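The values are calculated or read from the model by the stated rules, or taken from the named source; none is laboratory data. From a predicted model like this one, the values you see are computed outputs, not experimental measurements. Neighbour counts are summed over all protein chains in view; Cβ atoms, including those assigned to glycine, are modelled from backbone coordinates with ideal geometry.
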């Protein structure tokens with residue numbers, strides 16, 4: 001059974017070593033989680049890094065590009081800014097640019113968005129009857145950009161089997177890898 | 001230790017670090033650019049009409065003819081993929097402390113002509129007020145701004161130096 005060699009590897013480790021590897025694995029998972037949560041605190045955004053999932057902002061952003069967001073409440077939204085917002089009844093947040101904006105004396109703001117690559121504004125995408133977005137709809141504002149990196153997540157979402165393969169592979173590697 | 005797999009792994013890891021280093025240098029060398037430029041927005045024939053928005057609300061709508069002069073050539077460098085230009089009408093009104101309406105935009109990709117001298121621009125997005133406060137308004141500021149889209153890095157938004165303040169007549173044009 002050549003394909004199950006790695007099980008022999010695990011069997012050859014003593015209990016203490018196995019325990020160490022499991023802890024090591026937990027350490028990696030929890031540091032990743034802490035980095036994500038830490039970014040949430042620093043950027044004040046509920047999802048500080050997003051992957052662009054549609055072509056509606058081409059040629060600026062393509063599918064699979066990565067955006068870094070911030071969402072500080074004292075930093076006002078202005079026209080021309082690229083915002084990431086959520087619409088009631090839709091799971092996936094949308095990345096589009098602010099086209100017009102009206103701000104009241106007390107700071108209440110309503111604004112309309114449009115994708116660079118779309119012919120019309122976003123009112124057709126909003127919830128039925130909704131004409132404007134408000135501050136509470138905003139998940140974050142795009143501050144930084146890196147191309148292509150998000151392609152991995154898109155592949156994983158499109159092919160769930162690939163995702164489990166990668167996760168299983170990584171898990172096994174971490175568990176049986178010895179320095 | 002010298003299997004095909006371990007060699008492939010080494011090459012892959014090295015390629016990734018080189019790419020990461022290059023991307024970071026690309027970002028660092030351009031992160032502190034001001035991306036500023038002088039602009040001129042010209043307008044004439046300001047009129048205001050009492051109109052309805054596509055969603056049935058009565059709102060003032062401004063019209064004017066528009067021209068633009070801006071030399072943005074020096075903004076382009078190795079870390080600029082495109083510029084997103086937009087003309088904003090900004091004003092204070094009875095209803096709102098701040099109104100910002102984009103009336104025109106344009107994407108200038110890398111390599112395209114970036115020394116702009118546009119005699120007449122068609123207003124791309126209708127200039128509707130949020131209510132009926134545009135009549136007789138004399139503090140509408142027109143500015144040209146741009147959002148620099150890099151190959152990798154920050155996404156600065158810059159307001160061009162040199163704005164134009166326009167006013168609308170006291171009477172509606174039918």
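Kindly establish whether residue A:51 is more than 9 Å from chain B (Cβ to nearest Cβ), surrounded by fewer than 22 Cβ atoms within 10 Å (Cβ to Cβ) and touching a strand residue (DSSP E or B) at 6+ places or on another chain (Cβ under 7 Å).
yes
Rundown of residues vs (1) at pLDDT below 95; (2) more than 10 Å from chain B (Cβ to nearest Cβ); (3) closer than 25 Å to residue B:154 by Cβ, yes/no style:
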site: A:84; (1), (2), (3): no, yes, yes
site: A:101; (1), (2), (3): no, no, yes
site: A:113; (1), (2), (3): no, yes, yes
site: A:125; (1), (2), (3): yes, yes, no
site: A:128; (1), (2), (3): yes, yes, no
Item checked: Qualifying positions in region A:86-99 - within 12 Å of another protein chain (Cβ to nearest Cβ) and either in a loop (DSSP other than H, G, I, E, B) or closer than 20 Å to residue A:39 by Cβ (or both) -> A:95
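Condition test on residue B:135, is it in contact with a strand residue (DSSP E or B) (Cβ under 7 Å, 6 or more places away or on another chain), under 17 Å from residue B:66 (Cβ atoms) and more than 8 Å from every other protein chain (Cβ to nearest Cβ)? Spell out how you get there, then give the answer.
Values: in contact with a strand residue (DSSP E or B) (Cβ under 7 Å, 6 or more places away or on another chain): yes; under 17 Å from residue B:66 (Cβ atoms): no; more than 8 Å from every other protein chain (Cβ to nearest Cβ): yes.
The answer is no for residue B:135.
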Check: In region A:63-77, what count of residues is obtained for those that are buried (at least 20 other Cβ atoms within 10 Å of the Cβ) and over 13 Å from residue A:143 (Cβ atoms)?
Finding: 1
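Criterion first (surrounded by 13 or more Cβ atoms within 10 Å (Cβ to Cβ), in contact (Cβ under 8 Å) with a residue 12 or more places away in the chain, in contact with a strand residue (DSSP E or B) (Cβ under 9 Å, 6 or more places away or on another chain) and at positive phi) does residue A:60 satisfy it? Give the steps one after another, and end with the answer.
Details: surrounded by 13 or more Cβ atoms within 10 Å (Cβ to Cβ): yes; in contact (Cβ under 8 Å) with a residue 12 or more places away in the chain: yes; in contact with a strand residue (DSSP E or B) (Cβ under 9 Å, 6 or more places away or on another chain): yes; at positive phi: no.
So residue A:60 does not fit the description; no.
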Note to self: I'd like to verify a number: residues in region A:82-138 that are exposed (fewer than 15 other Cβ atoms within 10 Å of the Cβ) and under 16 Å from the mean Cα position of the chain (by Cα), how many?
What the structure shows: 3
Next item on the list: Scan region A:142-162 residue by residue and report those that are surrounded by fewer than 17 Cβ atoms within 10 Å (Cβ to Cβ) and assigned to a loop (DSSP other than H, G, I, E, B).
Entry: A:148, A:149, A:159
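Assess whether residue A:107 counts as being at pLDDT below 95 and within 11 Å of chain B (Cβ to nearest Cβ). Don't jump to the end; show me each part of the working.
On the way: at pLDDT below 95: yes; within 11 Å of chain B (Cβ to nearest Cβ): yes.
Considered against the rule, which asks whether it is at pLDDT below 95 and within 11 Å of chain B (Cβ to nearest Cβ), residue A:107 comes out as yes.
Do you know which residues across region A:15-47 are touching a strand residue (DSSP E or B) at 6+ places or on another chain (Cβ under 8 Å) and part of a helix (DSSP H, G or I)? Step through it out loud before you land on a result.
First, the residues of region A:15-47 that are touching a strand residue (DSSP E or B) at 6+ places or on another chain (Cβ under 8 Å): A:39, A:43-47.
Selection gives A:39, A:43.
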Note to self: Taking the conditions exactly as written (at the interface with chain A (Cβ under 10 Å from one of its Cβ atoms) and not in a loop (DSSP other than H, G, I, E, B)), does residue B:105 satisfy them or not?
What the structure shows: yes
Item checked: Selection from region B:115-132 of residues that are within 20 Å of residue B:83 (Cα to Cα) and either at the interface with chain A (Cβ under 9 Å from one of its Cβ atoms) or touching a helix residue (DSSP H, G or I) at 6+ places or on another chain (Cβ under 7 Å) (or both) -> B:115, B:125
Check: Considering only residues of region B:138-174 that are within 13 Å of chain A (Cβ to nearest Cβ) and in a loop (DSSP other than H, G, I, E, B), which is farthest from residue B:118 (Cα to Cα)?
Finding: B:152
Next item on the list: Only residues that are over 13 Å from residue A:94 (Cβ atoms) and in a loop (DSSP other than H, G, I, E, B): list them for region A:48-60, please.
Entry: A:48, A:58, A:59, A:60
